[in-house]
Each structure stands twice: as C-alpha cells, then as structure tokens.
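Undergrad: I have a structure I would like to understand better, so I am pasting it below and will then ask my questions one at a time.
The values are calculated or read from the model by the stated rules, or taken from the named source; none is laboratory data. Remember, predicted model here, so these are calculated numbers, not experimental data. So basically every Cβ, Gly included, is an ideal-geometry build from the backbone, and we count neighbours across all protein chains shown. Quick note on the areas: whole protein, heavy atoms, side chains included, nothing else; ligands and nucleic acids left out. Shrake-Rupley method; radii C 1.70, N 1.55, O 1.52, S 1.80 Å.
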Amino acid sequence: MKETSMTVNRRNLMTGTLATGAALSFPSLVLGQTQFRMKFANIMPSDHPLNVRMREASAEIKQKTNGLVEIQVFPASQLGSDADMLSQLRSGGIDFFANSGLILSSLVPVAAINGIGFAFPDYPSVWRAMDGALGKHVMGAIEKAGLVPFEKMWDNGYRQTLSATKPIRTADDLKGFKIRVPPSPLWTGLFKDLGASPVSIPWGETYTAMQTKVADGLENPLAGIYFAKMHEVGKFISTTNHMWDGFWFLANRRSFESLPPSAREIVRTAVNAAAMKQREDVAKLNEDLRANIAKSVEFIKVDPNNFRNKLRESGFYAEWKKRMGDEAWNLLESTTGKLA
Ligand code: X2X
C-alpha cells in the first residue's frame, strides 16, 4: 500500500475517534478523500476469469465502501514472477496476491497438497476437500506463516499435457521429454517420477521457453493454455488430468488489518463470492475451449491409470505422504480414498 498523503487520514482512522463507531459508516463520507489504494497482483493473463472476476469484485468493494477501498488489479506477471510477488506480499509491497498452492509451498510446504498426482477424481471432490477440513488445515499453516488466506480458493483447473514434439500417450513417452513445470518441488518430483525431464520455469517465461525449444512441452489447464496462447506453440494435448491446482487468495496481514473491520468484511465477502463465480467460469471454459484449441492442436485421449501406476511404482505417494505429514494426508484421503 502506498504511504503518501493517505497516511495521516489512515492514522486518524485507526487511532482517532473515527476508528470507533464512525468507522462503521465509512469516514470517506466524512472526510471525502480517505482511500485505501491497494494492489492485487498475479501471473494470469488479463482476460482469464481470475482477473475478470477480481475487477468486478474490486468495483463492488469500491461501491460498498463508498470509495474507501480501491483494489487495483495487476495481471500477467506485471509486478514480477510468483516468487517475486510472494516476497512483495510478505513485505507489504503488494496487498493481495493469488498464488498456486504448489508454488506457495516454498513458504508453506503443506500448501502443495492439492497437487498430489491423480488425487481428486472430479470437481465435487476438489471443493469438498478445499472448502472443508483439508482447506482449513492449509489455511492454518498459511496463517502461521504470517499471511491472511481467504476461505475460497480460485480455480486454475485440471492439468493437461501439451507437446510441441511427439504425442504423449503413455508414461513411457515421457522418457527424456523436457517438460516445463512451474517452480515447485512437487511439480518437479511428479514429472521426474513419471520418467520425464522437468524444467522449472516461471509462467511469464514459458511462451519464450517453448519458442526457443528450452522445453518440448508443458502441462496446464486448458484455460491457462488458451489465454496465454500456448496452443500456438504446441502440436498435441494429452488429456492426462494428472493434477488439480487452484489459487489461494492471500493478503498481507498488516495491510489487511489496517482496514476498518467492516471494510475488511466487505472485501472478504466480495472476493469469496467472486471466487465462486470464477470457479463456474473456469469449469465451463475448460469444456468449451476444447473445440477452439482443437483447431490448432490434436487432442489425445490417454488412460490416466498408465501414468498413475508409474507414480505408484516409483514411490511417489509414499514420499509425498512423508513430506505432507500424516494429518494433512489423512484429510486428503478422507475425500479421495486411499491413494497408494
Ligand atoms: O505457472 C503455471 O503453469 C500456472 C499459471 O498454470 C500455475 O498453475 C501457477
């Protein structure tokens, strides 16, 4: 948050008489100018539902707080990579950030748990877990790391495998395949265990990595592929559905708590409601986009069990159970059933 001329007003707001009863009716009405200009940043393209819905939420928040709170949306890695933005969020350089559970695991290891290979058979099981006990468990760990997580995860989607070289039909086809994965031990580990040669690259550099053939392929949800135009640099998409991932909506604690409680509530409610709409958008897009993407790449239907068995044989599940801990793993399996 910018500390400019607002500082005085904000201090009045927090410590002065305005911070008591009057805060409920929003001092902006009284003072005219008081505003919290806050920043929300992420790596997704501007027209991905994550940013479309957050711009809507931001307008709603501004209106409901009578202009007190204005959240500016910075999409498409404008403020840096995920790793850059996570440190900006922690230092207060940005106020809000949406981050993949797996990438957040650099700070909160257990946040990777939603990405365990082939864990969730369908969306209802994803949301049962992430809106339920497993999500609460991860939120607790995020809070311990000093950040404020919001309750509703945003959808990224089930991930598919795009290749610019050869069709991937079985795990054997992944041998020596240089697949771009987001920076995260779980992503690298999963593709190593599948026999591939993962290369860890931030999303903002992925298109170029494909063009320059640093990577033979990548894995992403269809919406991610489409809005970043990755189908332009691919030939085949195998519907591996190997992982579900979503975004945790996170706030810098000091910055969020500087808002009057009633404004905090408005922000939380609007953002969670936007997440629910965004989930519907993405689920629908992941179905609708297929025909569009199929104009430039060939879709390949695969047997997920072939890949899953390879993970079982390589000891993937045993290793990640150890890494995630029994408590989180049991919560996951209470939704998915036994994984190994
Ligand atoms: O970096 C990616 O591949 C992305 C955007 O799809 C994530 O899941 C973080």
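Undergrad: Which order do the peptides 247-257, 93-103, 66-76 come out in when sorted by mean C-beta neighbours inside 10 angstrom, highest first?
TA: Ranked by mean Cβ neighbours within 10 Å, highest first: 93-103, 247-257, 66-76.
Undergrad: Tell me which aspartates and glutamates have Cα within less than 20 Å of Lys321's Cα, excluding those fewer than 8 residues away on the same chain?
TA: Hits, sequence-local ones excluded: Asp193, Asp245, Glu313, Glu333.
Undergrad: Taking 22 Å as the cut-off for C-alpha to C-alpha distance, list the pairs among Lys64/Lys277; Lys166/Lys192; Lys152/Lys338; Lys166/Lys284; Lys310/Lys338; Lys213/Lys284 that go past it. Don't skip to the answer; put the middle values down first.
TA: On the way: Lys64/Lys277 19 Å; Lys166/Lys192 18 Å; Lys152/Lys338 25 Å; Lys166/Lys284 28 Å; Lys310/Lys338 17 Å; Lys213/Lys284 31 Å.
Flagged as over cut-off: Lys152/Lys338; Lys166/Lys284; Lys213/Lys284.
Undergrad: With a 1.4 Å probe and all protein chains in place, put Thr170, Thr269, Thr206 in order of accessible area, largest first.
TA: Descending order: Thr269, Thr170, Thr206.
Undergrad: Whose amide H sits under 5 Å from the amide H of Ala119, counting only residues 5 or more places off or on another chain, with H placed in the peptide plane?
TA: Hits under the 5 Å cutoff: Trp244.
Undergrad: Enumerate the amide H contacts of Phe74 below 5 Å, restricted to partners 5 or more residues apart or on another chain; note that Pro and chain-start residues carry no placed amide H.
TA: Residues meeting the amide H criterion: Phe40, Ala41, Asn42.
Undergrad: Given charges of +1 on the Cβ of Lys and Arg and -1 on the Cβ of Asp and Glu, with all other atoms neutral, how large is the dipole of the chain about its Cα centre, in debye to the nearest 20?
TA: Computed about the Cα centre, the dipole is about 280 debye.
Undergrad: Can you tell me the dipole magnitude for the range 253-340 around its Cα centre, using point charges on the Cβ only (Lys, Arg +1; Asp, Glu -1), in Debye to the nearest 20?
TA: Its charge dipole is roughly 160 debye.
Undergrad: In degrees, nearest 10, range 0 to 90: what is the angle between the Cα axis of helix 326-336 and the longest Cα principal axis of the chain?
TA: 70
Undergrad: Same structure again: For a Förster distance of 25 Å, can you work out the FRET efficiency between the beta-carbons of Lys235 and Lys284, rounded to the nearest 0.05?
TA: So, using R0 = 25 Å, E works out to roughly 0.45.
Undergrad: Right, another one. Just order 186-197, 218-229, 271-282 by mean Cβ neighbour count inside 10 Å, highest at the front, would you?
TA: Output ranking for 186-197, 218-229, 271-282: 218-229, 186-197, 271-282.
Undergrad: Here is a further query. Take the solvent-accessible surface of the protein heavy atoms, probe 1.4 Å, and return the percent of it on the chain that carbon and sulfur atoms account for. If you can, show how the numbers build up before the last one.
TA: Numbers: 7330 of 14110 Å².
C and S atoms contribute 52 percent here.
Undergrad: Helix 261-293 versus the longest principal axis of the chain: what angle, 0 to 90°, nearest 10, using Cα atoms?
TA: The angle comes out at about 30 degrees.
Undergrad: Evaluate the relative contact order of the chain (contact order divided by residue number), counting alpha-carbon pairs under 8 angstrom at least 6 apart; express in whole percent.
TA: 23
Undergrad: Let me ask something else. Suppose each label sits 7 Å from its Cα in the direction of the beta carbon; what would the Glu319-Gln63 distance come out to in nanometres?
TA: Going from the Glu319 label point to the Gln63 one covers 5.1 nm.
Undergrad: While we're here: Would you mind pulling out the separation of the Cα centroids of the range 297-340 and the range 216-267, in Å?
TA: Comparing the Cα centres of the range 297-340 and the range 216-267, I get a distance of 22 Å.
Undergrad: Within the range 279-297, what residues put their amide N at less than 16 Å from the label point 7 Å along the Cα-to-Cβ vector of Glu56?
TA: 279-286
Undergrad: At Ser334 and Ser91, where each label point lies 7 Å from the Cα along Cα→Cβ, what is the point-to-point distance in nanometres?
TA: That separation, rounded to one decimal, is 4.0 nm.
Undergrad: What spacing in nm lies between the two simple spin-label points modelled at Lys277 and Glu70, each 7 Å away from Cα in the Cβ direction?
TA: 2.1
Undergrad: Pairing the Cα long axis of helix 6-15 with the longest principal axis of the chain, what angle in degrees results, from 0 to 90 and rounded to the nearest 10?
TA: Tilt of helix 6-15: around 80 degrees.
Undergrad: Calculated FRET efficiency, Ser200 and Glu265, Cβ-Cβ r, R0 35 Å, to nearest 0.05?
TA: 0.35
Undergrad: What residues qualify as long-range amide H neighbours of Ile201, i.e. H under 5 Å apart, gap of 5 or more or another chain, H built at 1.01 Å from N?
TA: Here Val181 satisfy the definition.
Undergrad: Could you please state, rounded to a whole Å, how far the C-alpha centre of the range 142-200 is from the C-alpha centre of the range 78-120?
TA: The range 142-200 and the range 78-120 have Cα centres separated by 14 Å.
Undergrad: Same structure again: With only Lys, Arg, Asp and Glu charged, each at its Cβ (+1 for the first two, -1 for the last two), find how big the charge dipole of the range 191-340 is about the Cα centre; round to the nearest 20 debye.
TA: 80
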